[in-house]
Amino acid sequence: MIYNMDFLISAMIILLLILWHFLGQKRAEDLNNRVFLFFAVLGTADVVAEFFTNYYITSYNSDMGTAAVIVTTIFYLLQALLPATFIFYIQTLHEQKIISAKKMFISGVPTLVLISVILTNPFTEKLFSFDVTAGYVKGPWYLLMYVSALGHFAVALLLILLWRKKLGPQKEKILLEIFVISGVGVILQMFCQSLLMTGFGMSLGILALFITINNPNANLDSLTGLYNHLYLTRKMGELIASGKSFHIITVYLYQLKHINRVAGVQGGDSILQQIAGQLGALCGQKVTRITGKRFLVLTSSLEEYEYYFAKLKRLFDVNKVLDVEDKNIAVPVIISGIINAQKLEESGLIMEYAEYLESLTPQSGLTEVIQDDRQTMNGFMYYKRVEQYLHKAIEEDLFEVYYQPVYSTRERRFITVEALSRLYHPELGWIAPDVFIQIAEKNHMIEQITDMQFRRICRFLKENRELMSRLLNVKVNLSSLDLMRNDCSSHFIRMMDEYEIRHEWIQFEITETIATEYSASLGMVVDGLTAAGIRLCLDDFGSGYANLNTVMRLPFSTIKLDRSLLFDICNDEKRAQFYQSVVETFRKMNYHIVSEGVETREEMELISRWGVDMIQGYYFSKPLPEKALISLMQTETMSASVNGEQSEKV
């Protein structure tokens, strides 16, 4: 038989190029990549062995006897190992751990049987033999090689389908493509043996893996050259699955956004590259860049962890400064450490815990350090339980709306209320709004909560219209995600119209943080609301970086002064002067002013003298459920009526 060597030569070139580039680049040293490398080396050896085997088959003479048998036997052994290696490769994608010897033996029994047949073939000649006159002679069990290959492919297909959820759609698609390419190669050579398509199909399959799943560049961050989050996820998954302990340190550049404003985006990139270089020099290949402004160091021993933690604290001292285009840029970071990170059992959960630790640290403008302990872990577990419960709360609409009245010292009555979301957990009790709102915003659930709560507010107002004869409006908070909706203004207006609620009955509160991030889309939302007669309130003024420019950019009618500004104003003259000057400024600009967080009579009297006539806080009333609010307003109305009658008598 005359064999067409073109496909075989092409396969050899493809595989050698793959090995050249794979070995020449920085790559993830995990189990899957090691098996891929073995697969590629085995495939290359198989093509080379097939090349020499075909030489002996087509040019056999008596002087080649032993060499022809040895080379062909090696080729058959490689042909037997390749399909089994593909199955092991799929297992590494599924389990991400070292496959046990027992499992390897059980899954490899068919291959071991075939190998024993191949090794005994020189004596039994069941698969092939060489004859002086006939040359290469097929044995009675020759098709066993093809049956074995197709059987392994059938098992591989079954595993891909069974594990499709764990593998994910992308990997499933790639593996199925490889299955089809390699399977077609085997079938073609089975029916047209002169084409030598098995090796070519296999080389295309390995090429597909190299381009996609095992692409070294896929594991590298393009800006810094460090490993990226894809590599880290695979690495931690393998360590967790194999039961190995490890410890991590994260370095979070929490002021990168501010740095980009000062030094420009290119300057920010330069900062990241410099930091990456310093971390790489210190920690080598243990460091990865897992998000835009967060780096992580993974250590395998407690000694390594303590060593690198101490080194990182010295590297990022409280006055860390880097040079960018002749500018000295301060680069404060938060360094957080997690010992025995494998206890969290999932790479995603580990990253969430690292972010949770960072959230506990004040962003003071200096480098901060925090390490996990039992208290922080308990706090994180509480956080996760709340997060889990939020899904149920949304599905079953378990939220409540409480209303905190705002008192007017000038009119001596409650004139408006703020609607506040509340959530009760059957085991944890009342969950702090700041906690579940933060979680809801992070998980993009806040829009659903806002819609449910706003409908509840509209329904309450529709059923208790008499309340609005005494109240100016009901204040409702909107999150940044609510305001990012394309149809935000029309969305809430439709709801009000559905419940026949007058637009002026609602006043939306926008936090200071959102107002400072002004954008054209936010401006369009605000224009839509104000055009419908809905007024706006700037919430939490004084809690962040807002200034008069921020206030004046949007058409606010009311300013709420954050309760943090009240701290110690009765004892600290400078704080008192600052608070008074803020009030005077806003009064001159004709804004209505609400003081939040007033808890003592002394605070109330002091800010009243300065001209604040709307006060919200526990001094007058805590947030109340619907029935309690109605009762309070009825009591106040009755009291006002009695006082009025007494005045008439006098």
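Taken together, the values in this text are just the output of simple stated rules run on the coordinates, not laboratory data. Remember, predicted model here, so these are calculated numbers, not experimental data. Here Cβ is always computed from backbone atoms with ideal geometry, including for glycine, and neighbour counts include all displayed protein chains.
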Quote the charge dipole size of the chain about the Cα centre in Debye, to the nearest 20; the model charges only the Cβ of Lys and Arg (+1) and of Asp and Glu (-1). 760 debye
Gained length - R164 relative to E573, 0.36 nm times residue gap less alpha-carbon distance: 140.5 nm
Bins of 5 Å from zero: percent of alpha-carbon pairs in region 395-628: 1, 6, 14, 18, 19, 18, 13, 7, 3, 1, 0
Folded to 0 to 90 degrees: helix 256-283 orientation relative to the chain principal axis, Cα: 40 degrees
